[in-house]
Amino acid sequence: MYGLVNKAVEDLVCAHYGEPTWAQIQARAGVQTPGFVSMESYPDEVTYKLVAAASEVLGAPAAAVLEAVGEHWILFTARHGYGELLPMFGATLREFVANLDNMHARVGLTFARMRPPSFVVREAGPQALELEYHSSREGLAPMVVGLLKGLARTFAEDIAVEHVHGRERGGFDLFRLELQPAA
Ligand code: 1MF
């Protein structure tokens, strides 16, 4: 994945635990890259190893680390100059989620080696959506939960996310989102 993803992991760990902890995580992961380059593509194993090492060093389940990374990704990319991208694809979470494939197509113009996931969205009630998450990568469903929560926060909305089933069924993860107007 692009270095921007690994930088988001680094930024999250450093902000909460400090640079010595990040150095420990990098050492345990066997990833000694002195600094990730945002626009460079790295093997997926680099990201997976960093998440696994962070889970061990911080004593938190890998799923919790992934969810935190997903939530941080939204703030992190906004802070790094890509903030104008979000409002281009929706004014509400509901609109944005319906436009996720369009947003990734736009980002893919710049990041040609991107392998973006794909989403199918269905209405599932007055305040509910079903979201199919199709990805070439395994194990990232918890990150998508964090991404959705981070998006909700930027749009000042409240959201509850249920992981209905994993990719062993149909080859995709299914989420059910309950959208609540922000309190
Ligand atoms: O292949 C890749 O390197 C890759 C990297 C990041 C593929 C996807 C992504 C983003 N994706 C990561 C987790 C899923 C990975 C997978 O299943 O293969 C997040 C996708 C996502 C899912 C749910 C809700 C929101 C999501 O994304 C929101 C998002 C996605 C991309 C950006 C911002 C928000 C983004 C913004 C600016 C970027 C790059 C990514 O950089 C740019 C863009 C244009 C011009 C200059 C820089």
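Candidates are the residues of region 1-36 that are out of contact with any helix residue (DSSP H, G or I) (no Cβ under 7 Å at 6 or more places or on another chain) and outside any helix (DSSP H, G or I); the one that is surrounded by the fewest Cβ atoms within 10 Å (Cβ to Cβ) is Pro34.
Which condition from (1) within 12 Å of the ligand (Cβ to nearest atom); (2) free of Cβ contacts under 8 Å to residues at least 60 places away in the same chain; (3) surrounded by 12 or more Cβ atoms within 10 Å (Cβ to Cβ) is the one that Ala128 breaks? With (1) within 12 Å of the ligand (Cβ to nearest atom); (2) free of Cβ contacts under 8 Å to residues at least 60 places away in the same chain; (3) surrounded by 12 or more Cβ atoms within 10 Å (Cβ to Cβ) applied to Ala128, the lone miss is (1). Consider region 37-56 and keep the residues that are more than 17 Å from Arg113 (Cα to Cα) and open to solvent by 80 Å² or more (accessible area, probe 1.4 Å). The one that is nearest to the ligand (Cβ to nearest atom) is Tyr48.
Among the residues of region 100-113, is any in contact (Cβ under 8 Å) with a residue 40 or more places away in the chain, in contact with a Leu (Cβ under 9 Å, 6 or more places away or on another chain) and either more than 26 Å from Ala62 (Cβ to Cβ) or more than 12 Å from the ligand (Cβ to nearest atom) (or both)? No, there is no match, as no residue in region 100-113 is in contact (Cβ under 8 Å) with a residue 40 or more places away in the chain, in contact with a Leu (Cβ under 9 Å, 6 or more places away or on another chain) and either more than 26 Å from Ala62 (Cβ to Cβ) or more than 12 Å from the ligand (Cβ to nearest atom) (or both). Does region 95-109 include one or more residues that are within 24 Å of Tyr48 (Cα to Cα), surrounded by fewer than 17 Cβ atoms within 10 Å (Cβ to Cβ), out of contact with any strand residue (DSSP E or B) (no Cβ under 9 Å at 6 or more places or on another chain) and β-branched (Val, Ile, Thr)? The answer is yes, given that some residue of region 95-109 is within 24 Å of Tyr48 (Cα to Cα), surrounded by fewer than 17 Cβ atoms within 10 Å (Cβ to Cβ), out of contact with any strand residue (DSSP E or B) (no Cβ under 9 Å at 6 or more places or on another chain) and β-branched (Val, Ile, Thr).
The condition (being charged (D, E, K, R), closer than 23 Å to Val51 by Cβ, open to solvent by 50 Å² or more (accessible area, probe 1.4 Å) and at pLDDT 95 or above) is satisfied by just one residue among Glu178, Glu162: Glu162. Going by what's in this entry, would Val65 be described as on the phi < 0 side of the Ramachandran plot, open to solvent by less than 50 Å² (accessible area, probe 1.4 Å) and among the β-branched types (Val, Ile, Thr)? So Val65 passes the test. The set of residues in region 75-89 being in contact (Cβ under 8 Å) with a residue 40 or more places away in the chain and surrounded by 15 or more Cβ atoms within 10 Å (Cβ to Cβ) consists of Leu75, Phe76, Thr77, Ala78, Leu86. Restricting Leu85, Leu66 to residues that are at pLDDT below 95, within 21 Å of Phe119 (Cα to Cα) and within 11 Å of the ligand (Cβ to nearest atom) narrows the list to Leu85.
The values are calculated or read from the model by the stated rules, or taken from the named source; none is laboratory data. Here the structure is a predicted model, which means the values were calculated and not measured. Because the Cβ atoms are built from the backbone with ideal geometry, glycine has one as well, and the counts that use them run over all protein chains shown. Protein only, heavy atoms only, side chains kept; ligands, DNA and RNA dropped before computing areas. Shrake-Rupley method; radii C 1.70, N 1.55, O 1.52, S 1.80 Å.
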